Amino acid sequence: MLSYYSKLSAEVYDLDKNIGSTFGDIAFYRDRLATCKGKILEPGVGTGRTLIPLLEAGFTVEGFDVSDEMLRICRRHCAERGLETNVFSGKMESFSLPTKYEAIIIPTGTFLLLHEREDSIKALKNFHHHLSSGGKLIVDIFLQPDVTLNQASTKTWRTENGDVITLEKKLIEVDYIKQYTVSHHRYEKWRDGQLIQTELEHFPLRWYGVEEFKTILEATGFHSIIISADYEQGLYPTNAHQSITFEAVAK
């Protein structure tokens, strides 16, 4: 069975996107949350790349993830910095908490990992349920303009102890009707020229049209929707390579 954010992929994520590394999103989120005095939830918290800078900025943030390996790394990073928060195992479409949040944030396209439309709609309804009246949902998506099948790309990282990790990515499926792609990611860890660990990851990703996603948010009960491109507040997207952020208010 193919893994999903298991040990090697979580290690690579932490190496490639270390705590506080940003695409412009952390400052953007910090600015959009500036008036938020209550609790914030980050579904798909990962290793804490976004959560930890927000905690350090004084926000009250907790999060969850489907990957125990990602949560293990996140907890370690928090402990190393003396930060206390609640991070736990959960799924976007089915988590259930007694808390009402003032904001829910999902940076860097993590929401698109819900590649089945039904699951993504369930998740949006679940977010709305867990937001207080007037609470904000801020979520990033991106389009997938490159759908070249079976073309491999490779990237390499070196760990602190000198091990080498390689990642080969290959897009193997595009479903234009259901609007998702599937890639296979092959991770290998090498030590002194010997292969010591390998992983194969099944990586589906959904895409949405810009106005399509706005309509879905409205149908889910959100209003006052602001669309931004490349973390420029209110700048409507103009090309398929931009990051797209939706900020919506719960009724």
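The values are calculated or read from the model by the stated rules, or taken from the named source; none is laboratory data. Because the structure is a prediction, the values reported are computed rather than measured. No Cβ is skipped: glycine too gets one built from the backbone with ideal geometry, and neighbour counts run over all protein chains shown. All accessible areas refer to the heavy atoms of the entire protein, side chains included, with ligands and DNA or RNA removed. Shrake-Rupley method; radii C 1.70, N 1.55, O 1.52, S 1.80 Å.
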**Item:** L97 closer than 21 Å to H202 by Cβ, among the hydrophobic types (A, V, I, L, M, F, W, C) and either open to solvent by less than 10 Å² (accessible area, probe 1.4 Å) or at pLDDT 95 or above (or both)
**Value:** no
**Message:** Filter segment 5-17 down to the residues that are open to solvent by 30 Å² or more (accessible area, probe 1.4 Å), out of contact with any Phe, Trp or Tyr (no Cβ under 8 Å at 6 or more places or on another chain) and either under 27 Å from K122 (Cα atoms) or in a loop (DSSP other than H, G, I, E, B) (or both) and list them by number.
**Reply:** S6, K17
**Message:** Is it the case, given these coordinates, that L55 is over 30 Å from I177 (Cα atoms), of a type in the set (A, V, I, L, M, F, W, C) and free of Cβ contacts under 8 Å to residues at least 60 places away in the same chain?
**Reply:** yes
**Request:** Collect the residues in segment 227-242 that are outside any loop (DSSP other than H, G, I, E, B) and buried (at least 21 other Cβ atoms within 10 Å of the Cβ), keeping them in residue-number order.
**Result:** S228
**Residues of segment 132-145 that turn out to be open to solvent by 10 Å² or more (accessible area, probe 1.4 Å) and under 12 Å from L205 (Cα atoms), as a count** = 3
**Message:** For segment 147-170, check the following and say yes or no: at least one residue is open to solvent by 30 Å² or more (accessible area, probe 1.4 Å), closer than 24 Å to F95 by Cβ and not aliphatic (A, V, I, L, M).
**Reply:** no
**Asked** Counting only residues that are over 21 Å from S183 (Cα atoms) and charged (D, E, K, R), which one in segment 100-131 is least open to solvent (accessible area, probe 1.4 Å)?
**Response** E102
**Item:** Selected residue (criterion: least open to solvent (accessible area, probe 1.4 Å)) from residues of segment 210-219 that are free of Cβ contacts under 8 Å to residues at least 60 places away in the same chain and of a type outside the set (D, E, K, R)
**Value:** V210
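Which residue is surrounded by the most Cβ atoms within 10 Å (Cβ to Cβ), if the candidates are limited to segment 18-44 and must be in a loop (DSSP other than H, G, I, E, B) and in contact (Cβ under 8 Å) with a residue 40 or more places away in the chain?
Result: G44.
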**Request:** For K251, indicate whether it is at pLDDT below 95 and closer than 24 Å to H128 by Cβ.
**Result:** yes
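One residue is enough: does segment 27-42 have a residue meeting the conditions among the basic types (K, R), out of contact with any strand residue (DSSP E or B) (no Cβ under 8 Å at 6 or more places or on another chain) and over 20 Å from K155 (Cα atoms)?
So far as segment 27-42 goes, yes, one or more of its residues are among the basic types (K, R), out of contact with any strand residue (DSSP E or B) (no Cβ under 8 Å at 6 or more places or on another chain) and over 20 Å from K155 (Cα atoms).
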**Asked** Of the residues that sit in segment 61-82 and are among the acidic types (D, E) and not in a helix (DSSP H, G or I), which one is farthest from F203 (Cα to Cα)?
**Response** E62
